[in-house]
Amino acid sequence: VNACALPRIGSLRSEGLRTPAASAPEKVTTDGPLAESIALALGDDGALAHGIDGFVARSAQQRMATAVAEAIDARETLLVEAGTGTGKTFAYLVPAVLSGLRVVISTGTKNLQDQLYHRDLPQVLAALGLPVRTALLKGRANYLCRSRLKQALAYASPDDAPRLIALRHFMEASDSGELSDYGGIPDGDPLLPRVTSTADNCLGTRCADYDQCFVAAARRRATTAEIVVVNHHLLFADFVLKQEGFGEILPGADVVVVDEAHQLPELASRVFGDRLSTRQLHEFARDATQAVHEAGDLPELIDACARLTQGVRLLEQQFLDCPGREPLARFRDRGGVDAVMESLLDTLDAVGAGLSPVQQRSEALAAVWERCTHLSATLRMFLSPMDPEAPVTAVDWVERLERGGSLQRTPVDVSVPYQQATSAHPGAWIYTSATLSIGGDFRHFSAQLGLESTRMLALESPFDYTRQARIYLPTALPDPNSRGYTEALIDHVMPLIDASGGGAFLLMTSHRAVQAAARHLRGDRRYTLFVQGEDDRARLVRRFAETDNGILVGAASFWEGVDVPGRALRLVLIDKLPFAAPDDPVFEARLNAIRISGGRPFPDYQLPQAIIGLRQGVGRLIRGEEDRGLLILGDPRLRSRGYGAQILRALPDMPVLEDFDAALSWSLKLAQELTV
Ligand code: SF4
């Protein structure tokens, strides 16, 4: 036990943590003060049992907490898969708090971040009676930027002015500048980037508003807190890469806990890559135009900025023919794309050359000159061909977005940069999620991040899946890639949804399938239909949970982080196995790299990735000990392909029903038993 931990444990005892019950939890086997304190805190008669309503001591939770404590003591890396219902949040919070060390906790979603900071952490601190300084730190886009709001007000159109004035009132009254306190600016609102900052456009310490800056204040609070809750993006961008413009905000963390860690490899791919979007270029063109206008006497630069705006629009148009994601080379093969990109680069260089001699005249000119240099270097990189003889270490690709698109360079293997970045932060690293392994084998996850020699622990869910749920595998469905598959699947399962009276999640593998399912169900007035994209995600889930006859149709973002316990959700349908699209350029490059190194792409990468994704979706069904439900896995490949059995084995232990009639009986039985 580290020296820092002892005072905390001592104070914990002196503040009246109860003595352990006569039958102390059996599974806590580690000797030593921290482990002992965990047993005291998480046991049947412990501080949490006494201090938190509804807390139930669980042996799996205590095992996880003990393992976390050991990793903290030894400053080691630990991977913990904790099945649904284990209580993993308390299992890491208790040892983290009791250690007395400086801890950063990172979550994948805003939901979990808020829940952790506003609910779970205060509960644990109150139950343990410990006064620990905590801070919640969100990404820049969550805080109003005083400087950019003032700029936006100065150039407001009559349409925008009322909203910007309301935001100024909020700015003057708010302590935190957190836009969630303001409300009224939905994600994707074009106003948002005009009143928030990015690492690119923030003026940092050169900003006239720096002393009152909301982002800087939030970061200052974080640096003095003992427990800081962040999200994965911030953890990477700021802590690992120090790219957020305010230096390292989380210095000296002794412990990093990464919850929802299954999201990390995908996020690392983005963070360790390069990206240039038409939106970024547009924002730059607008900011540069404003800065040049303010300077007053630079007509040539005003012309160059106008040409830049025009050039970005032309690039935007090139994305109209892009099918979604495709290799950069294919995008550039289309007639005219190269000419547009090269002309845009020339214009950026002209703007940069014009700004260079005048950039010392104002902070605004200096900032846009720096941004121009960076954007021009990134665009030049995308225009320069990779050496065809060199080993492929990264893949260049493009993605069409709602408006315009982005150019991206993604490393094929992120394990090396990830290890380099994290090794600069020694200490305990705890990675946890409900889905990190395939049947206790963590290789798929750990290899992607280079976490080879670490402690690993897989804890099963305490739920009794054999009693609580059944799986139905429909037969006689068309090929899952054929037209009309979604409609055929819904027609087939509709009697089961009818028997259940709704209370159904339809989890789709594509947005196209979401639309097809929504169209197919739209006229059925017996059910309240909730469709992804028709409202904010959290509100859709909340409204579904309050409705007894709801059917919610969603794609990727509904497969995880959605918690609807109780009767409201009693049927989950998954349309297909979540295999990544084989023509995705990054995925293709990774499969090629596996082939070249002598591996087998399907069993080594594609299948484990699909299993982990599927387990996330399946995990929506049973969220509590009293939950019951039916899981329908629509993909006929589960029966027809050899790997189907392997996939089913990796799921919680739910009996597979024989046929449709058995599924109908189960649904009718549940409908009777789960009466409102
Ligand atoms: S320092 Fe950056 S975030 Fe803060 S007000 Fe200035 S530009 Fe905005």
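The values are calculated or read from the model by the stated rules, or taken from the named source; none is laboratory data. Here the structure is a predicted model, which is why all the values come from computation and not from measurement. Here the Cβ positions follow ideal geometry from the backbone for every residue, glycine too, while neighbour counts run over all protein chains shown. Ligands, DNA and RNA are stripped out before the accessible areas are found, and what is left, the full protein with its side chains, is counted by its heavy atoms. Shrake-Rupley method; radii C 1.70, N 1.55, O 1.52, S 1.80 Å.
Where helices (runs of 4 or more DSSP H) fall entirely within the stretch 583-676, those with at least 2 residues that are among the polar types (S, T, N, Q), out of contact with any His (no Cβ under 6 Å at 6 or more places or on another chain) and under 27 Å from residue 547 (Cβ atoms) are at 660-673.
Total residues in the stretch 288-310 satisfying the condition of being surrounded by 14 or more Cβ atoms within 10 Å (Cβ to Cβ), touching a residue at least 12 places away in the same chain (Cβ under 8 Å) and not small (Gly, Ala, Ser): the figure is 11. Taking residue 244 as the residue in question, decide whether it is surrounded by fewer than 19 Cβ atoms within 10 Å (Cβ to Cβ) and either under 20 Å from residue 112 (Cβ atoms) or modelled with pLDDT under 75 (or both). Answer is no for this residue.
When residue 531 is tested against (1) at pLDDT 95 or above; (2) surrounded by 20 or more Cβ atoms within 10 Å (Cβ to Cβ), just one condition goes unmet, and that condition is (2). For the stretch 394-421, residues that are surrounded by 20 or more Cβ atoms within 10 Å (Cβ to Cβ) and either free of Cβ contacts under 8 Å to residues at least 12 places away in the same chain or assigned to a helix (DSSP H, G or I) (or both) total 1. May I ask you to verify whether residue 231 is within 10 Å of the ligand (Cβ to nearest atom) and open to solvent by 10 Å² or more (accessible area, probe 1.4 Å)? It is false that residue 231 is within 10 Å of the ligand (Cβ to nearest atom) and open to solvent by 10 Å² or more (accessible area, probe 1.4 Å). Tell me, yes or no, whether the stretch 109-119 has at least one residue that is open to solvent by less than 20 Å² (accessible area, probe 1.4 Å) and either within 13 Å of the ligand (Cβ to nearest atom) or small (Gly, Ala, Ser) (or both). No, every residue in the stretch 109-119 fails to be open to solvent by less than 20 Å² (accessible area, probe 1.4 Å) and either within 13 Å of the ligand (Cβ to nearest atom) or small (Gly, Ala, Ser) (or both). Among the residues here, residue 335 does not qualify as crowded, with 18+ Cβ neighbours inside 10 Å and either touching a Cys at 6+ places or on another chain (Cβ under 9 Å) or modelled with pLDDT under 95 (or both). Listed by first and then second residue, the pairs with beta-carbon distance under 7 Å, at least 6 apart or on different chains, first residue in the stretch 183-204 and farther than 25 Å from residue 291 by Cα and without any contact (Cβ under 8 Å) to a residue 24 or more places away in the chain, second within 16 Å of the ligand (Cβ to nearest atom) and part of a loop (DSSP other than H, G, I, E, B), are 185/191. Open to solvent by 10 Å² or more (accessible area, probe 1.4 Å) and closer than 21 Å to residue 109 by Cβ: does that describe residue 185? Yes: the conditions hold for residue 185.
The residues listed here are 200, 209, 187; of these, the one that is within 12 Å of the ligand (Cβ to nearest atom) and modelled with pLDDT under 90 is 200.
The criterion of at least 2 residues that are in contact with a helix residue (DSSP H, G or I) (Cβ under 7 Å, 6 or more places away or on another chain) and within 30 Å of residue 257 (Cα to Cα) is met, among helices (runs of 4 or more DSSP H) falling completely within the stretch 121-205, by 121-128, 179-182.
Examine the stretch 634-642 for a residue that is within 24 Å of residue 492 (Cα to Cα), among the basic types (Lys, Arg) and at pLDDT 95 or above, and state whether such a residue exists. Looking for residues that are within 24 Å of residue 492 (Cα to Cα), among the basic types (Lys, Arg) and at pLDDT 95 or above, one finds none in the stretch 634-642, hence no. Summed over the stretch 529-547, the residues that are farther than 13 Å from residue 506 by Cα and outside any loop (DSSP other than H, G, I, E, B) give a count of 7.
Being open to solvent by less than 20 Å² (accessible area, probe 1.4 Å), under 26 Å from residue 437 (Cα atoms) and at pLDDT 50 or above holds for only one residue in 57, 67, and it is 67. Would you point out the residue of the stretch 436-459, among those that are touching a helix residue (DSSP H, G or I) at 6+ places or on another chain (Cβ under 7 Å) and farther than 24 Å from residue 75 by Cβ, that is most open to solvent (accessible area, probe 1.4 Å)? My answer is 439. Between 168, 194, 163, the distinction of being open to solvent by 60 Å² or more (accessible area, probe 1.4 Å) and within 15 Å of the ligand (Cβ to nearest atom) belongs to 168 only.
Take the conditions (1) open to solvent by less than 20 Å² (accessible area, probe 1.4 Å); (2) of a type outside the set (Asp, Glu); (3) within 15 Å of the ligand (Cβ to nearest atom); residue 124 misses just one of them, which is (3). Return a yes/no flag: does the stretch 313-327 have any residue that is open to solvent by less than 20 Å² (accessible area, probe 1.4 Å) and part of a helix (DSSP H, G or I). Checked the stretch 313-327: at least one residue is open to solvent by less than 20 Å² (accessible area, probe 1.4 Å) and part of a helix (DSSP H, G or I).
Cβ-Cβ under 8 Å, sequence separation 6+ or interchain: first residue in the stretch 364-387 and under 15 Å from residue 345 (Cα atoms), partner open to solvent by 10 Å² or more (accessible area, probe 1.4 Å) and in a loop (DSSP other than H, G, I, E, B). Which pairs? Listed by first residue and then by second, the contacts come to 371/200; 371/201; 374/200. Looking across the stretch 115-129, the residues that are of a type outside the set (Asp, Glu) and over 19 Å from residue 221 (Cα atoms) come down to 115, 119, 123, 124, 126, 127, 128, 129.
Does residue 615 count as open to solvent by 10 Å² or more (accessible area, probe 1.4 Å), closer than 21 Å to residue 572 by Cβ and basic (Lys, Arg)? Yes; evaluated as a whole, the condition is true for this residue.
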